[in-house]
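Below: one structure, written as structure tokens.
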């Protein structure tokens, strides 16, 4: 490494997470760099999307949490994954995926509502355009009909 903080932060932002974990333990200098919020903001914005942590959450915590979700649930960064994240109630992933163009927020909203994930539904309601509201209502009415006629939840 160069021992020039800004350059080393750029280099670390390009390092794979498994290697970064080892580098952070080498000495105090690298440990300090690895706790620099600019490093984690750059990694988040480079690897995922330009999103911001919630109040009280650090860039590092947000990045690490998203990384765990992405690995654990095998999410891809695409427009269909938002539906899966909504069904499972993963608000952080929904927030990340909502930044992508052409995501299916209307379908994701409908599934979040049916699964009772009100935090996800509330977030997605900000992205659902009026033209999709009819579609969401029709979807939910269809689910009610299925529940009444078959006495079981299919979804």
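Every read-out reported here was derived from the displayed coordinates using simple, explicitly stated rules and does not represent laboratory data. Everything numeric in this text was worked out from a predicted model, so none of it was measured. All Cβ positions, glycine included, derive from the backbone under ideal geometry; neighbour counts span all protein chains shown.
Sorting 92-98, 57-63, 119-125 by average packing, meaning the other beta carbons within 10 Å per residue, from highest down gives 92-98, 119-125, 57-63. For the peptides 9-20, 34-45, the ranking by mean Cβ contacts within 10 Å, running from highest to lowest, is 34-45, 9-20.
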